[in-house]
Amino acid sequence: MKRLSIIIPVFNVESYLEGCLRSLEDQDILSDDYEIICINDGSTDNSREVIILMQSEFENIILIDQQNQGVSAARNKGMNIAQGEYLMMVDPDDYIKSNILRERLDILANCNAEVGYAGYMILNESLKEEYRFDPVFDINKVLTGIDFINTYMKDGHEIIGPHRSWAIFFKTAFLNTNNLRYLEGVPYLEDGELMAKITCLANRVIFINGPVYIATKRPGSATNSRLYYSEKARNGFLKAANDLLHFKINYCNTEEKKIFMNQPIIQFTIAYLISHEGLGYLKHYSKLYNTLKKGPLELLQTEGCTDFYQKMGNSYNYSIHCFYLKWLFFKIRKSLTIRAKRLIQFDL
């Protein structure tokens, strides 16, 4: 068995792909010990040709072609064929730091970790550091997934919760045993849906100190587009909310796990609502009401949620109109606060 499988979903990223792959090859373990699985998701540019060119230089790069099915389907295909003891998800416009794999894989194996979080940096479109997540934890401290997330919250770190799947190592056997895969048909925030389940089920989670992953922002990526407000994204949010509710009912065997799942269910439910902007909300109100208030998501459980999601969930439970007005008020207030801060900075 290989020590690691790195999975890269590839779609029209020819300008970034070689840099990503070279960072994955610039490591301190033998190439025979890990594989880089590139899932070409129907690219129409030269991404496939870049992979083939890199294969001529590096023997551990695997190319899998498929018709365009989206990032979740691409990652799932890679997970299904992975031969590594651990998995790592890497986006094709991102990088990992040089010579970091050996030490991290040794730590994971010594702790028998099911999930290993790592530090990371986010670069803006000018490739300047915008954010760094690099806390220091006891690497010998093994927690359940839920306790790990709660530790983050107590320590006041900014990025908390099940919202990303990069900069994380996953034990392949843990994912396969629990049939944990990305929910296809969720084109936006798909990481969060899977990470909620992983966090809920994981019993051995660690944090590996030091930044490993370098994420970049680029024009045209899903997180920088209008995809959030598309019909495709809305359907995905609704699908995710119902799937998480099903998971809570059928796979959460303790009260702690059931309570933990309340917040991601609320997150996807209200995402479905707020992705209907302004007049779109009024136009589709009847459909929204029938879909939500006459279905499994009629009443949201708010126990264990943060203050914000408790308020939003309670407003939703009272009425959809009540929730939407509260959301608009929050959005306006947040916009004014950001604008005020900018004016203050400008005055200085």
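The values are calculated or read from the model by the stated rules, or taken from the named source; none is laboratory data. What you see is a predicted model, and the numbers here were worked out from it, not measured in a lab. A quick note on method: Cβ atoms are made from the backbone with ideal geometry, for glycine too, and the neighbour counts reach across all protein chains shown.
Annotations for the structure displayed:
- Residue within the stretch 10-18 that is assigned by TED's automatic domain parsing to the domain that holds LYS171, in a helix (DSSP H, G or I), more than 18 Å from ILE100 (Cα to Cα) and touching a residue at least 60 places away in the same chain (Cβ under 8 Å) present: yes
- The stretch 169-210, residues that are in a helix (DSSP H, G or I) and small (Gly, Ala, Ser): ALA173, GLY192, ALA196
- Any chance MET88 is assigned to a strand (DSSP E or B), out of contact with any helix residue (DSSP H, G or I) (no Cβ under 6 Å at 6 or more places or on another chain) and either closer than 20 Å to TYR213 by Cα or at pLDDT 95 or above (or both): yes
- Residue in the stretch 64-75 that is in a loop (DSSP other than H, G, I, E, B), exposed (fewer than 13 other Cβ atoms within 10 Å of the Cβ), in contact (Cβ under 8 Å) with a residue 60 or more places away in the chain and assigned by TED's automatic domain parsing to the domain that holds ILE36 present: no
- ASP191 being at pLDDT below 95 and surrounded by fewer than 18 Cβ atoms within 10 Å (Cβ to Cβ): no
- Figure legend. Inter-residue proximity from the stretch 246-264: first residues assigned by TED's automatic domain parsing to the domain that holds GLY304, second residues in a helix (DSSP H, G or I) and of a type in the set (Gly, Ala, Ser), beta-carbon distance below 7 Å, spacing 6+ or different chains. Indicated pairs: MET261/ALA196; PRO264/GLY192; PRO264/ALA196.
- Criterion violated by ASP28 - all others in (1) touching a Gly at 6+ places or on another chain (Cβ under 9 Å); (2) surrounded by fewer than 18 Cβ atoms within 10 Å (Cβ to Cβ); (3) in contact (Cβ under 8 Å) with a residue 40 or more places away in the chain satisfied: (1)
- Within the stretch 265-290, the residues that satisfy the criterion of being of a type outside the set (D, E, K, R) and not in a helix (DSSP H, G or I) are SER275, HIS276, GLY278, HIS284.
- Selected residue [under 15 Å from LEU238 (Cα atoms), surrounded by fewer than 17 Cβ atoms within 10 Å (Cβ to Cβ) and among the aliphatic types (A, V, I, L, M)] from LEU299, LEU292: LEU299
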